[in-house]
Amino acid sequence: MLTKKVKKRIIFLSLLSLLSILCIFFIIKTLNTNLLYFRTPTDISQNADIKIEKSMRLGGMVKLNSLIASDKDIKFIITDFKNEINVSFSGSVPNLFSEGKGVIAEGKLKDKKYFIAERILAKHDENYMPPELKKVLNKNAK
């Protein structure tokens with residue numbers, strides 16, 4: 001025999017639990033749709049179920065002597081020293097972007113050998129120092 005007060009508490013806790021579960025479900029679903037997976041050229045070439053036209057991040061090194069810059073876009077090759085993917089990008093690149101350096105490109109695959117980047121992120125190590133700061137420090141050290 002449950003009293004009226006206990007029944008109200010049970011209903012309230014049940015609704016609160018259901019609401020919490022629904023909120024967690026929608027948060028996880030939203031985070032999953034905004035998630036960008038990081039891939040290397042080898043991952044893309046070996047994985048048969050890679051989705052073409054799905055946003056992702058492609059990472060590796062910019063291949064030496066592969067950078068072709070024109071007025072409209074920049075074309076280069078990203079390699080992981082096993083496989084390579086041609087990349088096309090329209091826009092300005094970061095100062096650290098150059099051949100032989102690490103790079104991450106956000107965009108979509110057109111096929112397994114061609115990637116269209118929407119954004120370029122240059123990678124650097126923990127010892128990186130901006131050129132302007134390096135000049136000032138060298139000047140002050142003298």
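Just a few scattered comments:
- Here Asn86 meets the list (1) part of a helix (DSSP H, G or I); (2) polar (S, T, N, Q); (3) touching a residue at least 24 places away in the same chain (Cβ under 8 Å) almost entirely, failing just condition (1).
- Residue that is farthest from Phe115 (Cα to Cα) [pool: residues in region 57-83 that are part of a loop (DSSP other than H, G, I, E, B) and in contact with a helix residue (DSSP H, G or I) (Cβ under 8 Å, 6 or more places away or on another chain)]: Lys82
Yes or no, residue by residue, for (1) buried (at least 16 other Cβ atoms within 10 Å of the Cβ); (2) modelled with pLDDT of 85 or more; (3) touching a Leu at 6+ places or on another chain (Cβ under 8 Å); (4) of a type in the set (Ser, Thr, Tyr):
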{"site": "Thr79", "(1), (2), (3), (4)": "yes, yes, no, yes"}
{"site": "Gly91", "(1), (2), (3), (4)": "no, yes, no, no"}
{"site": "Gly102", "(1), (2), (3), (4)": "yes, yes, no, no"}
{"site": "Ala117", "(1), (2), (3), (4)": "yes, yes, yes, no"}
{"site": "Leu137", "(1), (2), (3), (4)": "no, no, no, no"}
{"site": "Ala141", "(1), (2), (3), (4)": "no, no, no, no"}
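- Ala69, sole failed condition from (1) under 29 Å from Pro131 (Cα atoms); (2) among the small types (Gly, Ala, Ser); (3) touching a residue at least 12 places away in the same chain (Cβ under 8 Å): (3)
- Filtered by the rule that a residue be among the aromatic types (Phe, Trp, Tyr) and within 21 Å of Val103 (Cα to Cα), region 1-56 gives Tyr37, Phe38.
- First in region 1-26 and surrounded by 10 or more Cβ atoms within 10 Å (Cβ to Cβ), second anywhere and not β-branched (Val, Ile, Thr) and not in a helix (DSSP H, G or I), Cβ under 9 Å, 6 or more apart: Ile10/Leu2
- Residues (farther than 16 Å from Glu106 by Cβ and exposed (fewer than 12 other Cβ atoms within 10 Å of the Cβ)) located in region 27-50: Ile27, Ile28, Lys29, Thr30, Leu31, Asn32, Asn47, Ala48, Asp49
- Every test in (1) surrounded by 11 or more Cβ atoms within 10 Å (Cβ to Cβ); (2) closer than 14 Å to Tyr37 by Cα is passed by Asp73 save one, and that test is (2).
- One residue alone among Thr30, Thr42 is in a helix (DSSP H, G or I) and under 24 Å from Lys82 (Cα atoms), and that residue is Thr42.
- Index of the failed condition, Ser98 passing every other in (1) touching a residue at least 24 places away in the same chain (Cβ under 8 Å); (2) outside any loop (DSSP other than H, G, I, E, B): (2)
The values are calculated or read from the model by the stated rules, or taken from the named source; none is laboratory data. On a predicted model such as this, the values are computed, not experimentally measured, just so you know. Cβ sites come from the backbone with ideal geometry, for glycine too, and all protein chains shown count toward neighbours.
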